[in-house]
Amino acid sequence: MDDTIRGLKQAALAAWEPIAKRAGRAYVAGPRITDALTLSRQFWDAGMGVVVCFWNGENTSPRIVANRALATLESFAEADGDHYLAIKAPALGFSRDLVREIVTRATLSSARVHFDAQRPEAVEKTRALAESVMGGGTTIGFTLPGRFSRSVRDAAWAIRRNVPVRVVKGQVPDPAAPELDPRAGFLAVIDALAGRARHVGVASHDAPLVRQALQRLVSNGTPCELELLLGLPFGPALREARTFGVPVRVYVPFGEGRLPYHFTEVRHNPRVLAWLARDLWRAERAPRAKVPGWTSAPA
Ligand SMILES: Cc1cc2nc3c(=O)[nH]c(=O)nc-3n(C[C@H](O)[C@H](O)[C@H](O)COP(=O)(O)OP(=O)(O)OC[C@H]3O[C@@H](n4cnc5c(N)ncnc54)[C@H](O)[C@@H]3O)c2cc1C
């Protein structure tokens with residue numbers, strides 16, 4: 001019986017992977033840097049900043065990942081819009097040499113290099129990697145997921161090291177704190193940063209959460225902005241940013257798309273099916289050309 005269930009699970013997973021890969025294209029600008037640049041220009045024209053990141057495939061080597069980051073810095077240096085580069089330490093094999101190469105190149109164009117958050121077990125090594133390239137003239141940023149029990153402690157580190165941070169809910173739970181509510185964790189990190197951090201990116205599409213986070217940061221005079229992910233709904237969170245008069249930045253990935261949800265979530269969230277149908281439809285179309293109008297002036 002166990003074998004039958006295991007077999008069915010494997011078959012379902014095998015069927016899901018190509019579908020997820022296809023639908024995941026709705027969450028990247030396209031496969032090439034030029035796709036990211038074209039879309040970024042539209043966000044710049046709409047008064048927003050961008051974060052650019054190469055999303056690797058499963059078999060992409062760390063060298064190729066680093067080359068894409070270097071090429072991104074080259075093309076964006078000439079473009080003149082507000083941007084920073086995001087990197088993923090595991091995709092770079094946690095290589096100090098590769099990260100140093102990227103950071104050295106970023107110094108030439110004064111671009112910030114920001115570490116995305118990955119799995120909880122990667123945080124310690126990512127932090128050590130970030131430390132290894134600090135102090136050389138390039139601004140190094142770090143992401144703090146509310147779902148990780150250690151993030152409040154990491155916030156104290158970021159304040160000490162004067163590191164700009166992005167706060168997210170986090171895509172994977174922390175095995176050390178599986179019950180930690182992502183929203184409560186998010187706000188605990190915001191509270192740890194408010195009034196003390198150099199700069200905070202509130203990275204969420206959850207409008208009530210964005211409102212609470214911005215309220216706490218703005219009332220403490222903390223420099224902050226709203227960060228949005230390409231492909232997720234912008235409207236409600238954008239309205240909160242407008243109310244508080246804070247700037248907005250959009251995360252524009254290029255390379256291999258991946259879905260921000262999994263079919264097993266259907267049990268708790270039937271809307272996943274509608275999102276999947278929409279994403280399969282969107283994935284067949286050219287990269288989104290429709291960028292919402294935006295002004296950071298309070299409404
Ligand atoms: C700029 C940015 C950078 C990020 N960087 C990282 C990172 O480095 N590491 C990391 O682990 N995570 C990162 N994330 C992802 C983050 O951890 C969350 O998984 C993700 O943002 C979802 O949580 P949320 O708070 O935005 O919104 P949710 O509460 O999940 O959703 C907000 C609203 O959008 C709707 N919605 C959600 N998904 C969809 C969808 N696919 N289609 C349509 N509607 C949808 C929901 O129903 C809800 O109404 C990042 C997110 C952003 C915005």
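For this structure, a couple of remarks:
- Distant alpha-carbon pairs in region 17-56 (separation over 15 angstrom), percent: 47
- For the pair Leu280 and Ala46, a Förster radius of 30 Å applied to the C-beta separation gives a FRET efficiency near 0.65, rounded to the nearest 0.05.
- Across region 1-74, counting alpha-carbon atoms alone, Rg and Dmax equal 17.9, 59 Å.
- Taking every DSSP helix (H) stretch of at least 4 residues in the chain, weighting each as -39,500 (n - 2.57) and dividing the sum by the residue count yields a mean residue ellipticity at 222 nm of -14000 deg cm²/dmol.
- For the chain, the Kirkwood hydrodynamic radius from C-alpha pairs, put into Stokes-Einstein at 20 °C and a viscosity of 1.002 mPa s, yields a diffusion coefficient of 108 µm² per second.
- Per residue, in Å², the accessible surface of region 1-93 once ligands and nucleic acids are set aside, probe 1.4 Å: 50
- Note on region 151-299: with neighbouring protein chains present and a 1.4 Å probe, carbon and sulfur make up 57 percent of its accessible heavy-atom surface.
- Convex hull volume per residue for region 54-104, taking Cα atoms only, in Å³: 70
- Share of Cα-Cα pairs in region 99-147 lying beyond 16 Å, as whole percent: 36
- GNM result for the chain, Cα springs below 10 Å: residue of Pro247, Pro236, Pro18 fluctuating most strongly: Pro18
- Region 90-239 shape via C-alpha gyration tensor axes, a/c threshold 1.5: prolate
- Take every pair of alpha-carbon atoms less than 8 Å apart whose residues are at least six positions apart; their mean separation over the length of the chain yields a relative contact order of 25 percent.
- For region 63-140, Kirkwood radius (reciprocal of mean inverse C-alpha pair distance, Å): 12.5
- Surface per residue (accessible, 1.4 Å probe) for region 114-166, Å²: 39
- In this label model, Leu70 and Glu131 are separated by 2.8 nm, measuring between points 7 Å along each Cα→Cβ vector.
- For the residues Ser151, Ser110, Ser40, a GNM of the chain with alpha-carbon springs under 10 Å puts the largest fluctuation on Ser110.
- Residue-count net charge about Leu276 - beta-carbon cut-off 12 Å; Lys, Arg +1, Asp, Glu -1: +2
The values are calculated or read from the model by the stated rules, or taken from the named source; none is laboratory data. If you're wondering where the values come from, they're calculated on a predicted model, not measured in any experiment. Heads up, the Cβs are rebuilt from the backbone with ideal geometry, glycines too, and the neighbour counts pull from every protein chain shown. Surface areas here come from the heavy atoms of the whole protein model, side chains and all, with no ligands, DNA or RNA. Shrake-Rupley method; radii C 1.70, N 1.55, O 1.52, S 1.80 Å.
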